[in-house]
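What follows is a short report on a single structure.
The values are calculated or read from the model by the stated rules, or taken from the named source; none is laboratory data. For clarity, every value in this text was computed on a predicted model and none was experimentally measured. No Cβ is skipped: glycine too gets one built from the backbone with ideal geometry, and neighbour counts run over all protein chains shown.
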Amino acid sequence: MFFNLPPVTRALLIVNALVFLLQNVLGEAALASFMLWPIGSGDSAYAVNEFLPWQLLTYGFMHGSFTHLLFNMVALLMFGAPLEHTWGERRFLTFFLTCVAGAAVCQLVVGSWTMAQGGAAYPTMGASGGVFGLLLAYGMLFPHQRVMLLIPPIPMKARTLVIVYGAIELLLGFSGYQPGVAHFAHLGGMLFGWMLIRYWRGQPPFGRRGPKRPRIVR
């Protein structure tokens, strides 16, 4: 099954697994400059590193625990493979990396606000922003496709799953119930994914300035 996966999805799974192995071999301190740090964190006594441009992408290939990695890779497998089959390799990779970078931008805004309020500077890791973008895209392209949640195991339409997860992330983000989770980064991945799909389709707010809509972008 693994070798029958489309090439970009398979490569992303391999890279994430190898980076996680590298984290455990070298220790996270050795790779701290690849995590996503808030802008201005270099001036903070709480930070061991500072924001660097490449972190907009590299943080998305690092994970804080095996469980974190496992859930993201299962989601990448579930939603990434059918999207890559639909879009093709180049468009799929562009979409995924855009969602990762978009999630990073939103997290940087939240991190700057947190530091301005006197909060500590802490790094962000994980492919969740890209994965949430894939979830949104799957719900837009295959809204009536039924999917099964892992926890709890409840079947529902893909469109419903996107709405439920989006609402939960928004609620958790504003409530601060899970302060160690980058909920606004997840929402940022969904937002940038939504904008990119609408750009490809030539829909508002991009109007007709986007490229001609391909038949595969439904």
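Of the numbered conditions (1) touching a helix residue (DSSP H, G or I) at 6+ places or on another chain (Cβ under 8 Å); (2) surrounded by 18 or more Cβ atoms within 10 Å (Cβ to Cβ), Leu22 satisfies every one except a single condition; which is it? Every condition holds for Leu22 apart from (2). For region 33-41, the criterion of being closer than 21 Å to Val131 by Cβ, crowded, with 20+ Cβ neighbours inside 10 Å and either among the polar types (S, T, N, Q) or free of Cβ contacts under 8 Å to residues at least 12 places away in the same chain (or both) is met by none of the residues.
Scanning region 183-192 for residues that are modelled with pLDDT under 90 and more than 10 Å from the chain's Cα centre (by Cα) yields His183, Phe184. Listed by position, the helices (runs of 4 or more DSSP H) contained in region 70-163 that have at least 2 residues being loosely packed, with under 14 Cβ neighbours inside 10 Å are 89-116.
In region 55-91, the residue that is farthest from Arg146 (Cα to Cα) out of those that are in contact (Cβ under 8 Å) with a residue 60 or more places away in the chain and among the hydroxyl-bearing types (Ser, Thr, Tyr) is Tyr59. Residues that are farther than 16 Å from Leu12 by Cβ and in contact with a Phe, Trp or Tyr (Cβ under 7 Å, 6 or more places away or on another chain) within region 72-107 comprise Gly102, Ala104, Cys106, Gln107, listed in sequence order. Residues in region 59-69 that are assigned to a helix (DSSP H, G or I) and surrounded by fewer than 19 Cβ atoms within 10 Å (Cβ to Cβ): Phe66, Thr67, His68.
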